[in-house]
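The values are calculated or read from the model by the stated rules, or taken from the named source; none is laboratory data. None of the values given here were measured: they were computed from a predicted structure. Please note: Cβ atoms are built from the backbone with ideal geometry, for glycine as well, and neighbour counts cover all protein chains shown.
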Amino acid sequence: MSRIVPLKLKTVKSFLLVGEKGGLVLVDAGNPGDGGKILRGVEKAGYRTQDISLIVLTHGHRDHVGGIAELNECLSARIIIHEKDAAAITRGKEAPITPLGLKGKLLGPFTSNEKLNTRGVRPDKIIEESINLHGFGVAGKVIHTPGHTDGSLSIILKDGKAVVGDLIMGRFLLFGGAGLPFFATDPASLQESISRILSLGVEEIYTSHSGPYRRKDLERLIT
């Protein structure tokens, strides 16, 4: 059984996936300046940062890719991101932030799609649909789950757990029951991605802002 270790930052979380035989995969890189915090979090949890073999970036927003340049300097891990969000790390061009509903519109003025202040990082693999994690010591796979951004990714583990980035978040961002994200480039794709997650037998869902949630929490979000 794989273990998911949340690495709490300020308003977001990264995650460490620990395989049965000790394989380590890091999910997301936090905001600019969070690289060191993530590495210290990994060590505090009892793991060696040099054993991280892969970094999965769930999507191209600042609070998920901002620390990737710092992590890339300190780790020899490979980096993967979806092709549609890859410009966030190669050219510092943040993925679109499109409000969904009233909460998104209210938060809109506090967000931006300006160029990220980060050094360009070349991903080791730009995926289109999915990638198996067995080669990195974790029983599971990364799949394309668009909706929040066009290139959003989720990690589905063999034991019924999932890390979904911002596909789901708390109704009040950092707390509350499961809700749809405040921003979504394609609401229809968002619903389809949630349905796909459920179709894969997921029972426990880890999100970057609040959670974790159970299967029944996501079922209520499908219209």
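Mind listing whichever residues of segment 26-39 are closer than 19 Å to Ile81 by Cα and either modelled with pLDDT of 95 or more or in a strand (DSSP E or B) (or both)? Listed by number, the residues that qualify are Leu26, Val27, Asp28, Ala29, Gly30, Asp34, Gly35, Ile38. A Cβ distance below 6 Å, combined with a sequence gap of six or more or placement on separate chains, defines the contacts here; from segment 180-198, residues that are within 15 Å of Val164 (Cβ to Cβ) and in contact (Cβ under 8 Å) with a residue 40 or more places away in the chain reach residues that are among the hydroxyl-bearing types (Ser, Thr, Tyr) and part of a loop (DSSP other than H, G, I, E, B) in the pairs Phe183/Thr98; Ser193/Thr145. Could you list, in sequence order, all residues of segment 10-25 that are part of a loop (DSSP other than H, G, I, E, B) and crowded, with 20+ Cβ neighbours inside 10 Å? Those that are part of a loop (DSSP other than H, G, I, E, B) and crowded, with 20+ Cβ neighbours inside 10 Å: Val12, Gly19, Gly23. No other residue among Gly120, Gly137 is more than 17 Å from the chain's Cα centre (by Cα), under 27 Å from Asn72 (Cβ atoms), surrounded by 17 or more Cβ atoms within 10 Å (Cβ to Cβ) and not aliphatic (A, V, I, L, M) apart from Gly137.
Does Glu43 fit the bill of being at pLDDT below 80 and more than 19 Å from the chain's Cα centre (by Cα)? The answer is no for Glu43.
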